[in-house]
Amino acid sequence: MGWDYQQGQNKKSLVVMLTRWGYLAEKVVAHKVINSSPGHAELWLVLETEKAGRLICLCLLQSQKGYGWGYKSMTEAMGPYIYSCPLDFLDQAPEACPEWRTKVREYAVRKQQNDNVVAALRVGCTVQLIPGMKLNGVPLETACISSLKPLIGTIGLWSNPVKLKHSYIAGVLS
């Protein structure tokens, strides 16, 4: 199960191809697209096939410099390691991998919580960092936000600005 690339292919034409032709896990199958959700590096699909019925498919998308865009597809039954599937897709196809669906739901809850925290960020506020954060081996607990785009904060005793990821923030303290 490798990646398939087409020379000169752009992302838009790849997404059109995947939603029209039904590339699924190395096979071309007759299908009807029930729903689709393109992202930066993935395309989620709910498909209806003659053989398998309805199923959720993830197509990972990637550009190979100087060549073109390609994809790698996998169905829910394969237990993809990405959990950003839209929640409404889970109601549109029978369950094929219960463990994966649980992780999709957990991911959605964490993402919503993180989105709420990010919405509350302001320059000058102090944030609680997630447990386990370290800088030069020293545990980090809080940061003072000095910029929102890009997200930058000063941490503890260090006054040097540090670029932060939204996922590093557990909550807003003040």
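Looking only at segment 89-120, filter to residues that are polar (S, T, N, Q) and modelled with pLDDT of 95 or more; which one of those is surrounded by the most Cβ atoms within 10 Å (Cβ to Cβ)?
Ranking the qualifying residues of segment 89-120, first place goes to 92.
Quick check on segment 123-144: of everything there that is touching a residue at least 24 places away in the same chain (Cβ under 8 Å) and in a loop (DSSP other than H, G, I, E, B), which residue is surrounded by the fewest Cβ atoms within 10 Å (Cβ to Cβ)?
Result: 131.
So residue 13 passes all but one of these: (1) over 29 Å from residue 106 (Cα atoms); (2) modelled with pLDDT of 90 or more; (3) touching a helix residue (DSSP H, G or I) at 6+ places or on another chain (Cβ under 8 Å). Which condition number does it fail?
(3)
Of all residues in segment 134-161, which are over 23 Å from residue 113 (Cα atoms) and aliphatic (A, V, I, L, M)?
Scanning segment 134-161 gives 135, 138, 157.
Hey, any hits in segment 105-122 for a residue that's in contact with a Lys or Arg (Cβ under 6 Å, 6 or more places away or on another chain) and under 30 Å from residue 4 (Cα atoms)?
Looking for residues that are in contact with a Lys or Arg (Cβ under 6 Å, 6 or more places away or on another chain) and under 30 Å from residue 4 (Cα atoms), one finds none in segment 105-122, hence no.
Among the candidates 68, 39, which residue alone is touching a Ser or Thr at 6+ places or on another chain (Cβ under 8 Å) and within 12 Å of residue 11 (Cβ to Cβ)? Spell out the reasoning first.
Numbers: 68 fails: touching a Ser or Thr at 6+ places or on another chain (Cβ under 8 Å).
The match here is 39.
Given the residues 167, 147, 159, which is the only one that is polar (S, T, N, Q) and exposed (fewer than 11 other Cβ atoms within 10 Å of the Cβ)?
None of the others qualify; the one that does is 159.
In segment 37-84, how many are within 19 Å of the chain's Cα centre (by Cα), surrounded by fewer than 19 Cβ atoms within 10 Å (Cβ to Cβ) and part of a loop (DSSP other than H, G, I, E, B)?
Total meeting the criteria: 8.
So residue 168 ticks every box in (1) in contact (Cβ under 8 Å) with a residue 24 or more places away in the chain; (2) in the same structural domain as residue 87 (by TED's automatic domain parsing); (3) of a type outside the set (A, V, I, L, M) but one. Which box is left unticked?
(2)
Residue under question is residue 84, and the condition is that it be more than 17 Å from residue 3 (Cα to Cα) and either among the polar types (S, T, N, Q) or not assigned by TED's automatic domain parsing to the domain that holds residue 16 (or both); does it hold?
yes
The values are calculated or read from the model by the stated rules, or taken from the named source; none is laboratory data. This structure is a prediction, so every number in the text was calculated from the model and none was measured. Positions of Cβ are generated from backbone atoms using ideal geometry, with glycine treated the same way; all protein chains shown enter the neighbour counts.
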